[in-house]
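Structure first, then comments.
Readers should treat all values here as calculations from the given coordinates under stated rules, not as data from a laboratory. No experiment lies behind these values; they were computed from the predicted model shown. In this analysis, Cβ positions are derived from the backbone assuming ideal geometry, glycine residues included, and neighbour counts consider all displayed protein chains.
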Amino acid sequence: MNKNIAMAGAGLSCAVIARGLAEKGHKVTIYEKRDHIAGNCHTERDKNTDVMVHVYGPHIFHTDDSEVWDYVNRFMDFKPYVNRVKATTGGRVFSLPINLHTINQFFNKTLSPSEAEEFIAQQADTSIVDPKSFEEQGMRLLGTELYKAFFHGYTLKQWGVNPKELPASILKRLPVRFNYNDNYFFHQYQGMPSEGYTEMVENILSHPDIQVKLNSEFSSSMVERFDHVFYSGPVDGYYDYDLGHLPYRTLDFEKSEESGDFQGCAVMNYCDESVPFTRITEHKHFSPWETHSKSICYKEYSRNCEPGDIPYYPITVVGGNDLLEQYLARTRNEKNITFVGRLGTYKYMDMDVTIRSALDVLEKWN
């Protein structure tokens, strides 16, 4: 039986689910409170420079999931892209993630891979047997000097939380390499959509049984109008924050137009706590197959999310979040609604994980 489905949000999660449902013959209406689709991975060309700008900060696609890779390439040609991050700390520039070049440069040595591995093992704080926090993981993995130089100050700025209170899992995602590989990611498939993420999402949503309503916010009072709802907005927002606001970090961007090549790379982290911003991103480098005489840069500042701000990163702390558990318990008792995506499930997810999760939800629902 064909059903009447509503989606709250026109980001990746709802776009993927909507497409799958429409192809099954269901009627889908998407409510998006912003004036554009694609959520926080929205891209658009700057009018003055023609640079493709990642409006809400850079999004780089990387995955080992071949099904997800084939899915996005079905709707947009992805061009190869390797994310090579640089970091400024103590007045010097290094490459991230920490690799053999970083280690040799930082300690003024010429170590071989095996020598570097042994050297870092000597730096590590072996008294920490089972790291629970971000700081413990950093000290156990890298030792004091590298941890303090590259992660302590940056993490304080990024999360607004002492690294002793953040879970170790955040740092476990970042590799340490004992070779000269400076690819920030290690996934098999890495790339960028040739014409940006917004056009890709537009292609996903291009189906006669999908209707998108921009500048239209979905509310819980609308659920009864539909056979089923997929909700990708903030889970606490669905309940009008009646138990309180869940903690998020949001980002402020200071945009500038520059001539030529401003910093020589796409991403430059600023690790010192004394520097108020976390990084500068230069957006033309995210499309290296294009040529531009001018450039667009974003200076990025992180702060606690206030009502009315765009939530970016859910804050997970050691010991859990009782408020989150209360909201999630309520969602499990809801009927005819599925909470999806980063905000709906209060989980930080990369784009490939978001798409995989959406495909899995789609398969189970059908």
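Residues with amide H under 5 Å of I296's amide H, sequence separation 5 or more or different chain, H placed in the peptide plane at 1.01 Å from N; which?
Excluding prolines and chain starts, which carry no amide H, the hits are E258, H283, K284.
Report the dimensions of segment 1-68 along its three principal axes from the alpha-carbon atoms, largest first, rounded to Å.
Dimensions of segment 1-68 along the principal axes of its Cα atoms: 49, 33, 16 Å.
Pop out the ³J(HN,Hα) list for segment 156-169 in order, Karplus 6.51 cos²θ - 1.76 cosθ + 1.60 with θ = phi - 60°, rounded to Hz; leave Gly and Pro as x.
4, 6, 5, 9, x, 10, 4, x, 5, 9, 8, x, 4, 4
Report the net charge of residues surrounding S66, where surrounding means a beta-carbon distance below 13 angstrom and charges are Lys +1, Arg +1, Asp -1, Glu -1.
-3
Assuming R0 = 22 Å, can you tell me the calculated FRET efficiency for the pair L156 and N321, based on Cβ-Cβ distance, to the nearest 0.05?
0.65
Translational diffusion coefficient of segment 284-352 at 25 °C, 0.890 mPa s, Stokes-Einstein with Kirkwood Rh over Cα pairs, in µm²/s as a whole number.
This corresponds to a translational diffusion coefficient of 154 µm²/s.
For segment 205-213, in order, what is each residue's ³J(HN,Hα) by Karplus, 6.51 cos²θ - 1.76 cosθ + 1.60 with θ = phi - 60°, in whole Hz (x at glycine and Pro)?
Once rounded to whole Hz, the list reads 7, 7, 8, x, 9, 10, 10, 10, 10.
Going by average Cβ density within 10 Å per residue, which order do the peptides 199-205, 101-107 take, highest to lowest?
Per-residue mean Cβ counts within 10 Å order the peptides as 199-205, 101-107.
From the backbone phi of segment 115-128, what are the Karplus-calculated ³J(HN,Hα) couplings (6.51 cos²θ - 1.76 cosθ + 1.60, θ = phi - 60°) in whole Hz, Gly and Pro given as x?
Those phi angles translate into 5, 5, 4, 5, 5, 5, 4, 6, 6, 5, 8, 6, 6, 8 Hz.
Volume per residue, Å³, of the convex hull around the alpha-carbon atoms of segment 85-172?
Per-residue hull volume (Cα only) is 93 Å³.
For a Förster distance of 25 Å, can you work out the FRET efficiency between the beta-carbons of S293 and H36, rounded to the nearest 0.05?
0.40
Under a 5 Å amide H to amide H cut-off, with H placed in plane at 1.01 Å, what residues pair with T29 once short-range neighbours are removed?
I5, A6, M7, Q211
May I have the extent of the alpha carbons of the chain along their three principal axes, as whole Å values ordered from largest to smallest?
Extents along the principal axes, in whole Å: 68, 50, 36.
Need one number: nm distance between label points at E217 and D309, each 7 Å from Cα along Cα→Cβ, rounded to one decimal.
Between E217 and D309, the label points sit 1.7 nm apart.
For segment 217-364, what is the charge dipole size about the Cα centre, in debye to the nearest 20, if Lys and Arg each add +1 at the Cβ and Asp and Glu each add -1 at the Cβ?
Dipole about the Cα centre, nearest 20: 280 debye.
What dipole magnitude, in Debye to the nearest 20, does segment 85-172 give about its Cα centre under +1 on Lys/Arg Cβ and -1 on Asp/Glu Cβ?
380 debye
Highest first, please rank the peptides 236-242, 41-47 by the mean number of other Cβ atoms sitting within 10 Å of their residues.
Ranked from most to least packed, the peptides come out as 41-47, 236-242.
Would you work out which of Y56, A15, N73 lies farthest towards the positive end of the dipole of segment 1-76, given +1 charges on the beta-carbon of Lys and Arg and -1 on that of Asp and Glu, about the Cα centre?
Farthest towards the positive end: A15.
May I have the extent of the alpha carbons of segment 45-143 along their three principal axes, as whole Å values ordered from largest to smallest?
50, 35, 28 Å, listed from the longest principal axis down.
Any idea how far apart E23 and R45 come out in nm if each label point goes 7 Å out from Cα toward Cβ?
2.9 nm
What does DSSP give for the chain in terms of the percent of beta bridges that are antiparallel, rounded to the nearest 5?
Of all bridge pairs located within the chain, approximately 65 percent are antiparallel.
When the dipole is taken about the Cα centre of the chain, and only Lys, Arg (+1) and Asp, Glu (-1) are charged at their Cβ, what size is it in debye, to the nearest 20?
120 debye
Can you find, among Q122, Y312, S302, the residue farthest towards the positive end of the dipole of the chain? Put +1 on the C-beta of Lys and Arg, -1 on that of Asp and Glu.
Checking the options against the dipole of the chain, the answer is Y312.
Measure off 7 Å from each Cα along the Cα-to-Cβ vector at D261 and K164, then give the distance between these two points in nanometres to one decimal.
Placing both labels 7 Å beyond Cα along the Cβ direction yields 4.4 nm.
Place the peptides 137-146, 8-17, 67-76 in order of packing, highest mean first, counting for every residue the other Cβ atoms within 10 Å and averaging per peptide.
Highest-to-lowest ranking by the protection proxy: 8-17, 137-146, 67-76.
Alpha carbon centre of segment 289-324 versus segment 184-198: separation in Å?
19 Å
Pairs to check: K3/K213; K79/K157; K33/K335. Give those whose C-alpha atoms are more than 25 Å from each other in this structure.
K79/K157
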